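Structure first, then comments.
The values are calculated or read from the model by the stated rules, or taken from the named source; none is laboratory data. Since the structure is predicted, the reported quantities are computational estimates derived from the model, not experimental observations. Note: ideal-geometry Cβ built from the backbone for every residue, glycine included; neighbour counts use all protein chains shown.
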Amino acid sequence: MTLLQSINLGILQGITEFLPVSSSLHLAVASHLMELPNQRYAFDLCLNFGSLLAILAFYHQDIRNMLMGCRDTLNGNFSRNSKFLCLLIVSSLPTIIIGGIVDVFLKINFCMEITPVTVIFFAVILLLCDRTAVHQKTISLWQGLGIGLAQSVALIPGVSRLGITISMMRYMGYSRKDSFYFSLLLSIPVVSGAIFLTMLKVFTGRIILEDGTLLGAGCLAAFLCGLLTIFLMTIFLKKHSFLGIIVYRIIFGLLMIVHYISR
């Protein structure tokens with residue numbers, strides 16, 4: 001891998017991670033087109049870390065307030081921030097538990113041949129859910145668990161973690177902006193856990209880190225593009241639906257099907 005390829009993959013990660021289109025699939029396709037090995041281990045670790053830093057940086061004030069809410073909880077005062085933090089943790093449990101079981105026992109392979117089906121199918125799911133009228137404001141504990149269960153479906157290649165959580169929240173009646181916001185914050189515990197597991201594999205020698213310069217360049221590109229994409233999406237979702245992204249997913253899936261048929 002060259003430095004330019006590393007930066008390009010980082011840019012792709014920074015954009016697609018914050019769109020409901022499956023960033024892991026786009027990275028796999030890009031790696032295939034660049035004739036690179038599937039970048040799903042050490043390099044993916046750095047790209048995901050860059051995306052995680054983008055979320056932490058963009059929502060740093062909200063995250064700081066939630067952490068400060070922990071102090072209120074210790075003093076016996078359950079503030080709005082502490083309750084929201086508890087909601088995020090509880091909502092993350094289904095994905096963490098199911099993802100741990102899958103990682104240890106099932107070992108789901110990234111099958112490129114089946115991903116066009118999941119890309120198109122879950123694009124239709126998002127289309128149907130995005131038509132729900134907004135009538136919800138506050139997320140209950142049970143709704144949080146439902147959103148967390150939906151997030152675990154993203155363990156299937158091509159689904160898109162952001163896409164399936166937004167679909168569930170739109171189905172429940174939350175606005176597009178609120179769905180995007182909660183889905184990003186919900187990704188923090190899950191992505192952090194995935195990074196932690198990958199680092200364990202690095203320390204135990206199961207995964208070998210590549211050139212540090214390439215890893216750093218990809219991480220930085222993912223971070224900067226991630227910040228820009230989050231900013232643009234928060235503006236875009238104030239007035240627009242996910243229709244354009246849904247159409248893109250369907251076209252992308254159809255092109256993948258044509259590719260595999262024509263091989």
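Out of curiosity, is M256 crowded, with 19+ Cβ neighbours inside 10 Å, within 16 Å of the chain's Cα centre (by Cα), under 21 Å from L25 (Cβ atoms) and of a type in the set (A, V, I, L, M)? Show your work before the answer.
Details: crowded, with 19+ Cβ neighbours inside 10 Å: yes; within 16 Å of the chain's Cα centre (by Cα): no; under 21 Å from L25 (Cβ atoms): yes; of a type in the set (A, V, I, L, M): yes.
Against the criterion (crowded, with 19+ Cβ neighbours inside 10 Å, within 16 Å of the chain's Cα centre (by Cα), under 21 Å from L25 (Cβ atoms) and of a type in the set (A, V, I, L, M)), M256 does not qualify.
Quick check on segment 156-174: of everything there that is assigned to a loop (DSSP other than H, G, I, E, B) and hydroxyl-bearing (S, T, Y), which residue is surrounded by the fewest Cβ atoms within 10 Å (Cβ to Cβ)?
Kept after step one, since they are assigned to a loop (DSSP other than H, G, I, E, B), are these residues of segment 156-174: 156-160, 173-174.
Okay, now just the ones that are also hydroxyl-bearing (S, T, Y), so 160, 174.
On the way: S160: 29, Y174: 25.
This residue is Y174.
Exactly one condition in (1) modelled with pLDDT under 90; (2) part of a helix (DSSP H, G or I); (3) surrounded by fewer than 17 Cβ atoms within 10 Å (Cβ to Cβ); (4) not hydroxyl-bearing (S, T, Y) is false for L128; which is it?
The failed condition is (1).
For segment 228-241, check the following and say yes or no: at least one residue is surrounded by fewer than 16 Cβ atoms within 10 Å (Cβ to Cβ), hydroxyl-bearing (S, T, Y) and part of a loop (DSSP other than H, G, I, E, B).
yes
List every residue pair whose Cβ atoms lie under 7 Å apart, where the two residues are 6 or more positions apart in sequence or sit on different chains, the first residue falls within segment 28-41 and is closer than 12 Å to M256 by Cβ and at pLDDT 85 or above, and the second residue, located anywhere, is in a loop (DSSP other than H, G, I, E, B) and aliphatic (A, V, I, L, M).
Note: pairs meeting the criteria are A28/M112.
Checking the condition at negative phi, charged (D, E, K, R), in a helix (DSSP H, G or I) and within 17 Å of the chain's Cα centre (by Cα), which residue from K177, K201 passes?
Residue meeting the stated conditions: K177.
Taking L184 as the residue in question, decide whether it is at negative phi and surrounded by fewer than 21 Cβ atoms within 10 Å (Cβ to Cβ). Lay out the reasoning, then the answer.
Working: at negative phi: yes; surrounded by fewer than 21 Cβ atoms within 10 Å (Cβ to Cβ): no.
Spelling it out, it is not the case that L184 is at negative phi and surrounded by fewer than 21 Cβ atoms within 10 Å (Cβ to Cβ).
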